[in-house]
1. Give the stretch 450-472 a look and list any residue that's modelled with pLDDT of 90 or more, open to solvent by 10 Å² or more (accessible area, probe 1.4 Å) and within 23 Å of R225 (Cβ to Cβ), or say none.
2. Would you tally the residues in the stretch 12-71 being hydrophobic (A, V, I, L, M, F, W, C) and farther than 30 Å from V200 by Cα?
3. What is the residue count in the stretch 349-365 for residues that are surrounded by 18 or more Cβ atoms within 10 Å (Cβ to Cβ) and touching a residue at least 40 places away in the same chain (Cβ under 8 Å)?
4. Can you name every residue in the stretch 254-265 that is within 26 Å of R233 (Cβ to Cβ) and free of Cβ contacts under 8 Å to residues at least 60 places away in the same chain?
5. Mind checking whether some residue in the stretch 408-428 is surrounded by 13 or more Cβ atoms within 10 Å (Cβ to Cβ), among the charged types (D, E, K, R) and at pLDDT 90 or above?
6. Within the stretch 181-217, track down each residue that is touching a Gly at 6+ places or on another chain (Cβ under 7 Å) and either small (G, A, S) or open to solvent by less than 70 Å² (accessible area, probe 1.4 Å) (or both).
7. Identify all residues within the stretch 207-222 that are in contact with a helix residue (DSSP H, G or I) (Cβ under 7 Å, 6 or more places away or on another chain) and not aliphatic (A, V, I, L, M); write none if there are none.
8. Here is a list of conditions, (1) over 30 Å from A179 (Cβ atoms); (2) open to solvent by 90 Å² or more (accessible area, probe 1.4 Å), and I12 meets all of them except one; can you say which number that is?
Amino acid sequence: MRLDSLSARLIIAATVWIGIFLVAGGFGLTSLFRGAAERAFDGNLAVMLDGLVSATELDEDGDLVLQRTPAETRFDRAYSGWYWQVTPLGFPGGKNAPELTDEAVNDGGTMRSRSLWDVSFGAKALSGLVEDEEGGLRRGYIDGPQGQRLRVLERRLALPDSPQVFSFAFAADTADLSAEISRFNSFVIAGLVTLGAGLVVALVIQVRFGLRPLDNVRTALRDIRTGKETRLRGDFPAEIRPLAEELNSLLDYTTDVLTRARTHVGNLAHALKTPLSVLTNESRVKEGPFAELVGREVMTMRHQIDHHLSRARAAASVQVLGAHTPLEPVIERLERTLARIYIGKDLRIETDCEEDLSFRGEEQDAEELIGNLLDNACKWAARRVKVKAAPMPGTPDKLVLTVDDDGPGLAPEEREKVIARGQRLDERKPGSGLGLSIVSDIAVLYKGEFVLEESPLGGLRARIILPRAESH
């Protein structure tokens, strides 16, 4: 798939959008799960914190006493990651509760779990907690005694019958919470990657299936160009059917215009031939330099008209899409015709044409090309002429046509002269001298190549490369 193709553009654009939405969805899901997991974790800590508050009371001296400690065994194991701490803050001044200070923590009135051992949560560590919207509960993260990441909940309140404010703090290691969040994130990433891959595969299938009619149009146009079809045929979807109909209409219109142009060219040729014939006859009846001059110029005009009419017809033929001409019947027909014309020379015309080899052009042009080459070879051959048509090696869309004779041949410097328009090296031979020039012009119009070479038979070889049509 080429990057500048319509399929690639659709797939790349859709893949980018799918990736953006999946990434955004992944962040949203992980954020929601993290929030839900933290709320559940905080809910468990809040229950234990409330239990700790309910288990505290003041003795007769106003000191804080715990009726019971949390039953969780992790609070009894040193540095287990689960901790609690109760610290007296003092008495509020005005409307504000007293702040937690390191002196309040270390003055001996602080109560803490055995898991904290000889460590306490300092004022600096707890000062970073954030109070929730409902008030009364502060939460956040701090570093534990062993470097653990702890989730902390703290509540500051005064017990009944005492104006003194106490800080109740619960902390728990978040390793299990982080592991659960990591497992969920891994599951989400794997799921979204699988989903994204499935969507991209489905997208590729959808795009290729949806754009397949365009490939059918391309194939149909190639068949028209190579001569296999003359019209755009196929069962196209509703969105492409109007395009196919318009293309067929354009093909019909182009063919009609070229046909009319060819008809007008033929009419012009016939219209000019009549007065030229009159002038030719008059020049033959009269004698003198003027009559000879008129005769020569009329002959030149006739040659030029024949040449340019052939060129115009060939140029129009090249533009006809779908032209397709099998070469074998054309060669055999011309071989029979020329054998009768040159019956007095007792020529042997050999033909070798590969079966189903076709010229991508009109039959009239094929007859013009091969006919002129064969006529020229028969004119100069001593006893033998050979015609061969075959696919061009290494180039499947080209064919090579060679015509060899055993005549006198031409020197290298003379070969270019005979291709020039109307150039004749021997005036004793009949003809206008335009045959090879017309062959060269038609070959150029079909983007082919025409050269003259030395023949293995001893005479001249005419080799022409032409576009090849696929066999029907």
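The values are calculated or read from the model by the stated rules, or taken from the named source; none is laboratory data. Note that the coordinates shown come from a computational prediction; the quantities given were computed from them, not determined experimentally. Don't worry about glycine lacking a Cβ; one is built from the backbone with ideal geometry, like all the others, and counts go over all protein chains shown. SASA here: full protein model, heavy atoms, side chains in, ligands and nucleic acids out. Shrake-Rupley method; radii C 1.70, N 1.55, O 1.52, S 1.80 Å.
1. F450, I465
2. Filtering the stretch 12-71 for residues hydrophobic (A, V, I, L, M, F, W, C) gives 12-14, 16-18, 20-24, 27, 29, 32-33, 36-37, 40-41, 45-49, 52-53, 55, 58, 64-66, 71.
Of the ones still in play, those that are also farther than 30 Å from V200 by Cα are 36-37, 40-41, 45-49, 52-53, 55, 58, 64-66, 71.
Qualifying residue count for the region: 17.
3. If we filter the stretch 349-365 for residues that are surrounded by 18 or more Cβ atoms within 10 Å (Cβ to Cβ), which is where we start, we get 349, 353, 357-362, 365.
Cutting the leftovers down to touching a residue at least 40 places away in the same chain (Cβ under 8 Å) gives us 357-362, 365.
Count: 7.
4. Initial filter on the stretch 254-265 (within 26 Å of R233 (Cβ to Cβ)): 254-260, 262.
The answer is D256, V257, T259, R260, R262.
5. no
6. Looking only at the stretch 181-217, we keep the residues that are touching a Gly at 6+ places or on another chain (Cβ under 7 Å), and these are 188-189, 192, 196, 216.
Within the stretch 181-217, V188, L192, G196 meet the criteria.
7. Correct list: R208 only.
8. (2)
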